[in-house]
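Undergrad: Submitted below is the structure of interest, expressed as structure tokens.
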Amino acid sequence: MGHRDDLLAAARTLLEDKGYAHITARDLVAASGTNLASIGYHFGSKAGLLNAAIATVFEEWTDQLAELAMADPGASPVERGHVTWAAWLGSLAEKRSLLVSYVEALAQAERAPELRKQIAGLYRACREKVAALVAESLADGTPADDPRCAALATFVVAVCDGLAVQWLVDPDGVPEPDQLVAGLTTLWSASFPPDGNVSAPDA
């Protein structure tokens with residue numbers, strides 16, 4: 001691997017071992033076998049490197065969930081959502097240290113414009129990917145850039161983030177994946193009863 005890949009691999013390991021807030025540039029140099037100049041050359045700063053590593057992890061995670069969600073070609077959009085959220089809950093334990101690092105990064109973003117810009121870009125890319133999956137699930141010709149797809153993608157990402165934060169602070173209080181799916185199924189059944197007698201929302 002070149003210095004860029006060496007630095008990304010080192011950053012990923014350190015994010016799991018030390019957490020975002022406690023990693024120094026010298027830690028990254030020592031773990032990667034590179035030098036301080038390489039960090040600036042490839043990523044601009046230590047924060048840029050750490051954020052790139054976080055982005056890589058979450059991109060991989062999103063791709064895994066997307067593959068699972070789309071595995072059954074006959075599944076409805078709601079069923080795909082259930083599968084995705086259940087899988088997300090089931091995978092949190094193995095990603096705990098990286099989630100903590102991500103929350104630490106979010107806490108610093110308000111006072112670090114470049115960090116905030118990078119995280120915003122991460123969310124934007126994630127929403128675009130999820131919006132494409134929403135459009136594919138609808139299978140009615142709706143394009144991925146339809147505002148409704150973007151809105152649903154934002155909602156899906158918000159649910160995933162919310163579940164992750166609640167799990168981090170109170171893992172015993174968050175439902176098991178099968179309990180989550182059962183609850184969502186109950187809500188869906190109550191909202192859209194078999195007889196089709198659904199009351200329209202007040203204007």
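Undergrad: Once fully extended, how much extra length lies between V165 and A93, figured as 0.36 nm per residue of separation less the alpha-carbon to alpha-carbon distance?
TA: Additional length available on full extension: 24.7 nm.
Undergrad: Just the number, please: carbon plus sulfur as a percent of the accessible area of the chain, 1.4 Å probe, no ligands or DNA/RNA counted.
TA: Carbon and sulfur atoms account for 57 percent of the accessible area of the chain.
Undergrad: Select from V100, L184, A150 the residue farthest towards the positive end of the dipole of the chain; place +1 on Cβ of Lys and Arg, -1 on Cβ of Asp and Glu, and compute about the Cα centre.
TA: Going by the Cα projections, it comes out as V100.
Undergrad: Let me ask something else about it. How far, in nm, would the chain grow between A158 and T56 when pulled straight, counting 0.36 nm per residue and subtracting the alpha carbon separation?
TA: So the chain would gain 34.8 nm between A158 and T56.
Undergrad: May I ask for the angle, rounded to the nearest 10°, between helix 46-69 and the longest principal axis of the chain, with both axes built from Cα atoms and the value confined to 0 to 90°?
TA: 30
Undergrad: Right, another one. As an exercise, use a Förster radius of 25 Å and the Cβ-Cβ distance of Y123 and R148 to find the FRET efficiency, rounded to the nearest 0.05.
TA: The pair Y123/R148 has a calculated efficiency of 0.85.
Undergrad: Cα-based Rg (one decimal) and Dmax (whole number) for the chain, in Å?
TA: Considering the chain through its Cα atoms, Rg and Dmax are 19.7, 67 Å.
Undergrad: With θ set to phi - 60°, apply the Karplus curve 6.51 cos²θ - 1.76 cosθ + 1.60 along segment 177-189 and write out the HN-Hα couplings as whole Hz, x wherever there is a Gly or Pro.
TA: Values per residue, Gly and Pro as x: x, 5, 5, 4, 4, 4, x, 5, 5, 4, 4, 4, 5 Hz.
Undergrad: Also: How do S32, S189 rank by accessible surface area computed with a 1.4 Å probe, from largest to smallest? Please report the intermediate quantities before stating the final value.
TA: Working: S32 20, S189 60 Å².
Final ranking, largest accessible area leading: S189, S32.
Undergrad: In a shell of Cβ-Cβ distance under 15 Å around E79, excluding E79 itself, what net charge do Lys and Arg (+1) and Asp and Glu (-1) give?
TA: Details: positive: R80; negative: D72, E136, D178.
In short, -2.
Undergrad: Choose one answer from A87, A107, A53: the residue with the largest mean-square fluctuation in a GNM of the chain with alpha-carbon springs under 10 Å.
TA: Highest fluctuation among the options: A107.
Undergrad: Using a probe radius of 1.4 Å on heavy atoms only, what accessible surface per residue do you get for segment 61-203? Whole Å² is fine. The partial results should precede the final answer.
TA: On the way: 8830 Å² over 143 residues.
Using a 1.4 Å probe on heavy atoms only, each residue of segment 61-203 averages 62 Å².
Undergrad: Dipole size in debye (nearest 20) for segment 20-166 around its Cα centre, Lys and Arg Cβ +1, Asp and Glu Cβ -1?
TA: For segment 20-166, the charge dipole is close to 620 debye.
The values are calculated or read from the model by the stated rules, or taken from the named source; none is laboratory data. Being a predicted model, the structure only gives us computed values, none of them experimental. Don't worry about glycine lacking a Cβ; one is built from the backbone with ideal geometry, like all the others, and counts go over all protein chains shown. Accessible surface is based on the protein model in full, side chains and every heavy atom, while ligands, DNA and RNA are left aside. Shrake-Rupley method; radii C 1.70, N 1.55, O 1.52, S 1.80 Å.
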